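Novice: The following block contains the structure, expressed as structure tokens.
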2 protein chains.
Amino acid sequence: MLQNNLLIQAAMGQPTSRTPVWLMRQAGRILKEYRQVREKAGSFINLVKNPELAAEVTIQPVDILGVDAAIIFSDILVIPEAMGLPYEMEERKGPVFPSVIQSKSDVENLRIAEAHDLHYVLDAIRITKKELNNRVPLIGFAGAPFTLLAYMVEGGGSKTFSKAKKLLYTHPEIAHALLEKITQSTINYLKGQVEAGANLVQVFDSWAGILSPEQYQEFSLAYIEKICKAIPEVPKTVFAKGAFFARERMNSLSCQVVGLDWNMDIEESKKMLSNKVLQGNLDPCALYGSYDAVKKETINMLNQFGKHTHIANLGHGLYPDTDPDKVRCFIDTVKEYSVTLH
Amino acid sequence: MLQNNLLIQAAMGQPTSRTPVWLMRQAGRILKEYRQVREKAGSFINLVKNPELAAEVTIQPVDILGVDAAIIFSDILVIPEAMGLPYEMEERKGPVFPSVIQSKSDVENLRIAEAHDLHYVLDAIRITKKELNNRVPLIGFAGAPFTLLAYMVEGGGSKTFSKAKKLLYTHPEIAHALLEKITQSTINYLKGQVEAGANLVQVFDSWAGILSPEQYQEFSLAYIEKICKAIPEVPKTVFAKGAFFARERMNSLSCQVVGLDWNMDIEESKKMLSNKVLQGNLDPCALYGSYDAVKKETINMLNQFGKHTHIANLGHGLYPDTDPDKVRCFIDTVKEYSVTLH
């Protein structure tokens, strides 16, 4: 059905003619076309909640950059909001939760989100699928339960997330009750995304790196595994930024693909994650280099992944001041050079 | 000479009756006695520049908490200032540099700091040594050249340090020229600290974790090695937060001690760093737990280090809202329990 099915084939470990490529945060501030739509929407959250506009920015990088997949334009914090904990997006500061989770009763007052609570995302997926017209696959996504807990307890971004981590040390039972509710909500949400047409789903554990190895297993990986098991219909990618220490354990997760950040040595990761397709992992800052440097770094990355099934991407989201022409250079280099590895 | 010489003995790999213990940021906001002196000084930078008051807060944790070492109260950013790039400390925001390094001529305009440019730190060390009266050793310190570059180019703290990293990708020759000047300044400074009485020096590479393994070797470790080699008089500790990927390489650094953060698995680190004394690595958030939990986590950590020569510490600086009684519980547990391991 899909005209370009490279991403799904690679995710399923099937042979492909070349390495598929997409970029985390490919729909966003690097594109002037995005900024125009964002301005029309009035605010980031308005854009997330407007299915037509969200679909439009989702498709932009397919048309403009030539990536092998679209990823639905949305935000991981739609789940806390659907559970009854709304957030605001402050310019230059990021997300802020006016109320935070502090007690057992705060957790009890949250609802488990149902797919229809996120109807605006599901509508955006349906519109995107229709407009993509099977050109490339569409990726759905959600935040990992621990990353959502971190925001819901801390109240916003933080260097240390010490309030969120304090909860794990002082009231682990409240943390687990919250993680369970988030997990159920996320399963409902991702099932809805798959029904609406998502061809693969990615779980983003953005704050994985703040936990110790033991805590990461207990408070994060156990819930990610529940989510992966509950969504058998499509391939799943888990990207746990900073969780270098969990790679061996992630080799037995019920997902097909594991994302690497640029700190993670590729050779070592191939050994630790021998059962998994690997995604990543160019440093987003490498795209600040000259065209020659971008090509060289991209080829170097491709050679290191070598014959291991690989989905080319960055090791983190694109930074907003990246030149779209350098992004195109990255994508074109993957498309051209990776043929020699297949 | 030193009545309690446990830290230096352990750092030199000599047998000790128990594990020595101190804490990163032990002199600071957790102590009401510190906050009183800080208020008297008027500002953080005033406190850093006042040798008598800096000595006073340096000694407080020895008296109040019972740690096995003092660490001179100062700031890693005194070096950029001494090189001609002053900074301000904004409440709740951290350090801000009104001017930043952007070009070759910006680097050329910086001077190489001499020890006497940092006379206020050296005076603080001399006063501290006199007042400590050989009760415990005094630790001197400096920031690693890459971490200082990160602030000097970025202009302040950042989640991604993308401006600083952009320089590495676009103008590596400017980055190296800057790193060389910082390294020479740091060597002069640490030599001055040792002459003034520091018994051990620690190099803090706070932003090590933002680099790829290859970049870390080129832009950070090479300069740390130069510093270690230039200070043969005292034992040296290198703490590279987030540089899990560099542990094998750090095993051949010219330092005696390597600090671990709480993400780094202890068993794995003992193997990778078999030549080194290890320092760390309790999660600072573990001190938010109950007394029983603090004891349990501390004993668990001590057992994991086992017979490997170990300096007990946290895996990061103390967080300001930590209860000093919990810190004392950590220290007392190390002192009591570690006897059984020696």
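The values are calculated or read from the model by the stated rules, or taken from the named source; none is laboratory data. Small disclaimer: the values here were computed from a predicted structure and weren't measured. A quick note on method: Cβ atoms are made from the backbone with ideal geometry, for glycine too, and the neighbour counts reach across all protein chains shown.
Novice: Checking B:ASN300 against (1) surrounded by fewer than 24 Cβ atoms within 10 Å (Cβ to Cβ); (2) within 11 Å of another protein chain (Cβ to nearest Cβ); (3) of a type outside the set (Phe, Trp, Tyr); (4) in contact with a helix residue (DSSP H, G or I) (Cβ under 8 Å, 6 or more places away or on another chain): exactly one of these is not met. Which one?
Specialist: Among (1) surrounded by fewer than 24 Cβ atoms within 10 Å (Cβ to Cβ); (2) within 11 Å of another protein chain (Cβ to nearest Cβ); (3) of a type outside the set (Phe, Trp, Tyr); (4) in contact with a helix residue (DSSP H, G or I) (Cβ under 8 Å, 6 or more places away or on another chain), B:ASN300 violates only (4).
Novice: Related question: Scan region A:58-76 for residues that are within 17 Å of the chain's Cα centre (by Cα), of a type in the set (S, T, N, Q) and part of a helix (DSSP H, G or I) and jot them down.
Specialist: Hit for region A:58-76 is A:THR58, nothing else.
Novice: Considering A:LYS296, A:LYS326, A:LYS307, which residue is among the charged types (D, E, K, R) and assigned to a loop (DSSP other than H, G, I, E, B)?
Specialist: Going through A:LYS296, A:LYS326, A:LYS307 in turn, the sole match is A:LYS307.
Novice: A follow-up question, please. Quickly run through region B:77-94 and pick out the residues that are part of a helix (DSSP H, G or I) and either touching a helix residue (DSSP H, G or I) at 6+ places or on another chain (Cβ under 8 Å) or modelled with pLDDT under 95 (or both).
Specialist: The answer is B:VAL78, B:ILE79, B:PRO80, B:ALA82, B:MET83.
Novice: Sort out which residues of region A:22-40 are of a type in the set (Gly, Ala, Ser) and surrounded by fewer than 19 Cβ atoms within 10 Å (Cβ to Cβ), and write them in order of number. If you could, list the steps in order and put the result at the bottom.
Specialist: Just the residues of region A:22-40 that are of a type in the set (Gly, Ala, Ser), to begin with: A:27-28.
Hits for region A:22-40: nothing passes.
Novice: Let me ask another. Which of the residues spanning region A:262-300 are under 22 Å from the mean Cα position of the chain (by Cα), among the charged types (D, E, K, R) and under 18 Å from B:GLU214 (Cα atoms)?
Specialist: A:ASP265, A:LYS270, A:ASP283
Novice: Just to be sure I understand, how many residues within region A:182-201 are in contact (Cβ under 8 Å) with a residue 60 or more places away in the chain and surrounded by 21 or more Cβ atoms within 10 Å (Cβ to Cβ)?
Specialist: Of region A:182-201, the ones in contact (Cβ under 8 Å) with a residue 60 or more places away in the chain are A:182, A:184-186, A:188-189, A:191-193, A:195-201.
Then drop every residue that is not surrounded by 21 or more Cβ atoms within 10 Å (Cβ to Cβ), which leaves A:182, A:185-186, A:189, A:192-193, A:196, A:198-201.
Final tally of qualifying residues: 11.
Novice: A further question on this structure: Quick check, is B:ASP68 of a type in the set (D, E, K, R) and in contact (Cβ under 8 Å) with a residue 12 or more places away in the chain? It would help to see each step written out before you state the result.
Specialist: Numbers: of a type in the set (D, E, K, R): yes; in contact (Cβ under 8 Å) with a residue 12 or more places away in the chain: yes.
So B:ASP68 fits the description; yes.
Novice: In region B:239-258, how many are away from every other protein chain (no Cβ under 14 Å) and touching a residue at least 60 places away in the same chain (Cβ under 8 Å)?
Specialist: Filtering region B:239-258 for residues away from every other protein chain (no Cβ under 14 Å) gives B:239, B:250-258.
Among the residues that remain, those that are also touching a residue at least 60 places away in the same chain (Cβ under 8 Å) are: B:239, B:256-257.
Total satisfying the criteria: 3.
Novice: Let me ask something additional. Going by what's in this entry, would B:LEU168 be described as in contact (Cβ under 8 Å) with a residue 12 or more places away in the chain, within 14 Å of chain A (Cβ to nearest Cβ) and not in a loop (DSSP other than H, G, I, E, B)? Reasoning before the result, please.
Specialist: On the way: in contact (Cβ under 8 Å) with a residue 12 or more places away in the chain: yes; within 14 Å of chain A (Cβ to nearest Cβ): yes; not in a loop (DSSP other than H, G, I, E, B): yes.
Answer is yes for this residue.
Novice: Still on this structure, please answer the following. Where residues in region B:324-342 are touching a residue at least 60 places away in the same chain (Cβ under 8 Å) and within 16 Å of A:TYR169 (Cβ to Cβ), which of them is surrounded by the most Cβ atoms within 10 Å (Cβ to Cβ)? It would help to see each step written out before you state the result.
Specialist: Looking only at region B:324-342, we keep the residues that are touching a residue at least 60 places away in the same chain (Cβ under 8 Å), and these are B:324, B:327-328, B:330-332, B:334-335, B:338-339, B:341-342.
Narrowing further to those that are within 16 Å of A:TYR169 (Cβ to Cβ): B:327, B:330.
Numbers: B:VAL327: 24, B:PHE330: 27.
Per the criteria, the residue is B:PHE330.
Novice: If you scan region A:269-291, which residues turn out to be touching a Phe, Trp or Tyr at 6+ places or on another chain (Cβ under 8 Å) and assigned to a helix (DSSP H, G or I)?
Specialist: Scanning region A:269-291 gives A:LYS270, A:PRO284, A:CYS285, A:ALA286, A:LEU287, A:TYR288.
Novice: Okay, next question. Residues to consider are B:GLY84, B:GLY66; find the one that is over 27 Å from B:GLY259 (Cα atoms) and surrounded by fewer than 17 Cβ atoms within 10 Å (Cβ to Cβ).
Specialist: B:GLY84
Novice: Right, here's the next one. Please specify each residue of region B:283-293 satisfying the condition of being at the interface with chain A (Cβ under 9 Å from one of its Cβ atoms) and touching a helix residue (DSSP H, G or I) at 6+ places or on another chain (Cβ under 7 Å).
Specialist: Taking region B:283-293 first, the residues at the interface with chain A (Cβ under 9 Å from one of its Cβ atoms) are B:283-290, B:293.
Answer for region B:283-293, where residues must be at the interface with chain A (Cβ under 9 Å from one of its Cβ atoms) and touching a helix residue (DSSP H, G or I) at 6+ places or on another chain (Cβ under 7 Å): B:CYS285, B:ALA286, B:LEU287, B:TYR288, B:GLY289, B:ALA293.
Novice: Search region A:25-47 for residues that are closer than 20 Å to A:GLU88 by Cα and free of Cβ contacts under 8 Å to residues at least 24 places away in the same chain and pair each with any residue that is charged (D, E, K, R) and assigned to a loop (DSSP other than H, G, I, E, B) when their beta-carbon atoms are under 8 Å apart and the residues are at least 6 apart or on different chains.
Specialist: Filtered contacts from region A:25-47: A:ARG35/A:ARG29; A:ARG38/A:ARG29.
Novice: Which is within 21 Å of A:LEU148 (Cβ to Cβ), in contact (Cβ under 8 Å) with a residue 60 or more places away in the chain and within 14 Å of chain B (Cβ to nearest Cβ), of A:SER212, A:SER220? Spell out the reasoning first.
Specialist: Values: A:SER212 fails: in contact (Cβ under 8 Å) with a residue 60 or more places away in the chain.
That would be A:SER220, the only listed residue that is within 21 Å of A:LEU148 (Cβ to Cβ), in contact (Cβ under 8 Å) with a residue 60 or more places away in the chain and within 14 Å of chain B (Cβ to nearest Cβ).
Novice: Let me ask something else about it. For region B:266-280, give me the residue count where each residue is closer than 10 Å to B:PHE305 by Cα and either among the acidic types (Asp, Glu) or within 14 Å of chain A (Cβ to nearest Cβ) (or both).
Specialist: Final tally of qualifying residues: 4.
Novice: For residues that are touching a residue at least 40 places away in the same chain (Cβ under 8 Å), out of contact with any strand residue (DSSP E or B) (no Cβ under 9 Å at 6 or more places or on another chain) and closer than 17 Å to A:VAL78 by Cβ, tally how many sit in region A:119-148. Step through it out loud before you land on a result.
Specialist: The first filter runs over region A:119-148 and keeps only residues touching a residue at least 40 places away in the same chain (Cβ under 8 Å), leaving A:120-129, A:131-132, A:134-148.
Those left that are additionally out of contact with any strand residue (DSSP E or B) (no Cβ under 9 Å at 6 or more places or on another chain): A:120, A:122-124, A:126-127, A:131, A:134.
Add one more test, that the residue is closer than 17 Å to A:VAL78 by Cβ, and what stays is A:120, A:122-124, A:126-127.
So the answer is 6.
Novice: For region B:12-19, check the following and say yes or no: at least one residue is surrounded by fewer than 23 Cβ atoms within 10 Å (Cβ to Cβ) and touching an Asp or Glu at 6+ places or on another chain (Cβ under 8 Å).
Specialist: For region B:12-19, residues surrounded by fewer than 23 Cβ atoms within 10 Å (Cβ to Cβ) and touching an Asp or Glu at 6+ places or on another chain (Cβ under 8 Å): absent.
Novice: Can I ask one more? Can you confirm whether region A:304-323 contains a residue that is touching a strand residue (DSSP E or B) at 6+ places or on another chain (Cβ under 8 Å), free of Cβ contacts under 8 Å to residues at least 60 places away in the same chain and of a type in the set (A, V, I, L, M, F, W, C)?
Specialist: no
Novice: Can you spot a residue in region A:204-211 that is closer than 21 Å to B:ALA293 by Cα and part of a loop (DSSP other than H, G, I, E, B)? Before you say what the answer is, go through the steps one by one.
Specialist: First pass over region A:204-211, keeping only residues closer than 21 Å to B:ALA293 by Cα: A:210-211.
Those still in the list that are part of a loop (DSSP other than H, G, I, E, B) too: A:211.
Yes, there is a match, as at least one residue in region A:204-211 is closer than 21 Å to B:ALA293 by Cα and part of a loop (DSSP other than H, G, I, E, B).
Yes/no matrix, rows are residues, columns are (1) more than 30 Å from A:ILE59 (Cβ to Cβ); (2) in contact with an Asp or Glu (Cβ under 9 Å, 6 or more places away or on another chain); (3) modelled with pLDDT under 95:
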site	(1), (2), (3)
A:PHE146	yes, yes, no
A:ALA164	yes, yes, no
A:ALA177	yes, yes, no
A:ILE182	no, no, no
A:GLN202	no, no, no
A:GLN217	yes, no, no
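Novice: Determine which member of the set A:GLU33, A:GLU88 is within 28 Å of A:PRO137 (Cβ to Cβ) and acidic (Asp, Glu). Break it down into steps so the answer makes sense when it comes.
Specialist: Numbers: A:GLU88 fails: within 28 Å of A:PRO137 (Cβ to Cβ).
Of the residues listed, the single one that is within 28 Å of A:PRO137 (Cβ to Cβ) and acidic (Asp, Glu) is A:GLU33.
Novice: Continuing with this model, one more query. Scan region B:222-240 residue by residue and report those that are assigned to a helix (DSSP H, G or I) and either in contact with a helix residue (DSSP H, G or I) (Cβ under 6 Å, 6 or more places away or on another chain) or modelled with pLDDT under 95 (or both). So that I can check it myself, show each step before the final result.
Specialist: Within region B:222-240, the subset assigned to a helix (DSSP H, G or I) is B:222-230.
Hits for region B:222-240 are B:TYR223, B:LYS226, B:ILE227, B:ALA230.
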